[in-house]
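The values are calculated or read from the model by the stated rules, or taken from the named source; none is laboratory data. Note that the structure is predicted; figures quoted are calculated from it, not measured. Counting neighbours? That spans all protein chains shown, and the Cβs are built from the backbone with ideal geometry, glycine included. Note: accessible area is taken over every heavy atom of the protein model, side chains too, but ligands, DNA and RNA are not part of it. Shrake-Rupley method; radii C 1.70, N 1.55, O 1.52, S 1.80 Å.
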Amino acid sequence: MSKYAYATATFATFAIVAVTALAGCSGKSPTSTSSHVTLRLGYLTRITHASALVGIDSGAFARNLGPTVDFVPQAFSQGTAETTALLSGQLDAAYIGPNPAFNAWQKSNGTAIKIVSGSAAGGTSMVVKPGITSAGDLRGKTVADPALGGAQDVSLRDWLRKNGLKTNPQGGGDVNVKPTTPESAIVQQFISNQIDGALESAPYDVQLVNAGGVRLWSDPNTITILVVRQEFLSAHPDVVVGLVRGQIAANDTIHTNSDAAARSANAALTKALGTGLSPEVLGASFQETTFTNDPGVQSLRDQIDKGVAVGLLQPLNLDGIFELGPLNRELAAAGQPAVAV
């Protein structure tokens, strides 16, 4: 079994520790009013999840959650698998793409999750074989993305649709869209000419370019957000405050010391996958990604419209999905501007 599949499939039982404290107050030692709490945080092994990677490796999450919270990070290869874990109660929080979050919201009739922070935007490009210069050149060809219904899949199908090309979830239509996991297989299929291009996020789009591909277009929209199960948020709001504080700290490190952040993210990838990224791929991946605590509400609403347009999402009302109070309070305490819904 690959390390990707193993990380996605494995859910262990963890020890529970007692927690005592006051409600989280900015600037004070992180404590909890909750007892016997384990916080299980999901994330993907991509640079567009560097907020999670840096927060885990640097200890930002552990410090801000406090010594009495049992912090358990879990690596996944697909956001769709994270959605399953959230809905089944096997995760308490997750760094996830917009569309898997929408699916969790829709499948649970608005009862499963809350979006508590942004994390990253951009870091995603359509990379194709040399000689392909437009959507029309892809007619009759095969392109890949990480997962059916994922953020890249929806954006790719919507882009093709807007350029007059039809697709369907079974792979038919004017262009064969091939969801592929693990994502490393997309790079290998590109090298062996099994696919003509792919919409991928960092570091895989960078690896496709290094394999001789050409960027046809880049997607600047929200790619990663932080969500929490509503049940966990209701029971342990103070723990969620500590998690959000760790998210802010991780992004601060990325913005103020990008070299150290890149090394930290690579160390987390190496621990999760057994191997890290080359300096060239690592640097380019960070450079093309915008790390932000703002979830980009308009970008998320636009992504819903795309999902509906390509038949992968039912019309969806986002009212109630955001819980940005903890984030804005912590940003204010840090002297940073609030994010808007």
Taking the stretch 221-269 as the region of interest, how many residues are more than 16 Å from the chain's Cα centre (by Cα), open to solvent by less than 20 Å² (accessible area, probe 1.4 Å) and hydroxyl-bearing (Ser, Thr, Tyr)?
-> 1
Could you say whether any residue in the stretch 54-76 is more than 23 Å from Glu288 (Cα to Cα), open to solvent by less than 10 Å² (accessible area, probe 1.4 Å) and part of a loop (DSSP other than H, G, I, E, B)?
-> yes
Quick one: which residue in Leu327, Leu312, Leu318 is under 23 Å from Val240 (Cα atoms), aliphatic (A, V, I, L, M) and more than 18 Å from the chain's Cα centre (by Cα)?
-> Leu318
Within the stretch 134-141, can one find any residue that is under 24 Å from Thr289 (Cβ atoms), modelled with pLDDT of 95 or more and either within 24 Å of the chain's Cα centre (by Cα) or surrounded by 23 or more Cβ atoms within 10 Å (Cβ to Cβ) (or both)?
-> no
Pick from Ala151, Ala185, Ala147: which is surrounded by fewer than 24 Cβ atoms within 10 Å (Cβ to Cβ), under 21 Å from Asp305 (Cα atoms) and not assigned by the TED database to the domain that holds Val239?
-> Ala147
Complete set of residues in the stretch 291-300 that are of a type outside the set (Phe, Trp, Tyr) and either buried (at least 16 other Cβ atoms within 10 Å of the Cβ) or not assigned by the TED database to the domain that holds Asp57 (or both) | Thr292, Asn293, Asp294, Pro295, Gly296, Val297, Ser299, Leu300
Filter pass, Ala272 being at pLDDT 95 or above, in the same structural domain as Gly110 (by the TED database), among the aliphatic types (A, V, I, L, M) and within 16 Å of the chain's Cα centre (by Cα) | yes
Filter the stretch 156-171 for residues that are open to solvent by 10 Å² or more (accessible area, probe 1.4 Å) and under 19 Å from Gln303 (Cβ atoms); the one that is modelled with the lowest pLDDT is Pro169
Is it the case that some residue within the stretch 115-124 is in contact with a Lys or Arg (Cβ under 6 Å, 6 or more places away or on another chain) and either in the same structural domain as Asp294 (by the TED database) or of a type in the set (Val, Ile, Thr) (or both)?
-> no
Go through the residues of the stretch 116-129 one by one and say whether even a single one is over 27 Å from Thr253 (Cα atoms), open to solvent by 10 Å² or more (accessible area, probe 1.4 Å) and at pLDDT 95 or above.
-> yes
Out of all the residues in the stretch 181-207, which are touching a Ser or Thr at 6+ places or on another chain (Cβ under 8 Å), assigned to a helix (DSSP H, G or I) and either among the hydrophobic types (A, V, I, L, M, F, W, C) or modelled with pLDDT under 95 (or both)?
-> Glu183, Ile186, Val206
Is there a residue in the stretch 85-103 that is under 25 Å from Thr270 (Cβ atoms), assigned to a helix (DSSP H, G or I) and at pLDDT 95 or above?
-> yes
In the stretch 172-180, is there at least one residue being out of contact with any Leu (no Cβ under 9 Å at 6 or more places or on another chain), assigned to a loop (DSSP other than H, G, I, E, B), open to solvent by less than 20 Å² (accessible area, probe 1.4 Å) and of a type outside the set (Gly, Ala, Ser)?
-> yes
For Glu183, work out the one condition from (1) out of contact with any Pro (no Cβ under 9 Å at 6 or more places or on another chain); (2) within 20 Å of Lys129 (Cβ to Cβ) it doesn't fulfil.
-> (1)
Scan the stretch 301-341 residue by residue and report those that are among the β-branched types (Val, Ile, Thr) and surrounded by fewer than 17 Cβ atoms within 10 Å (Cβ to Cβ).
-> Val308, Val341
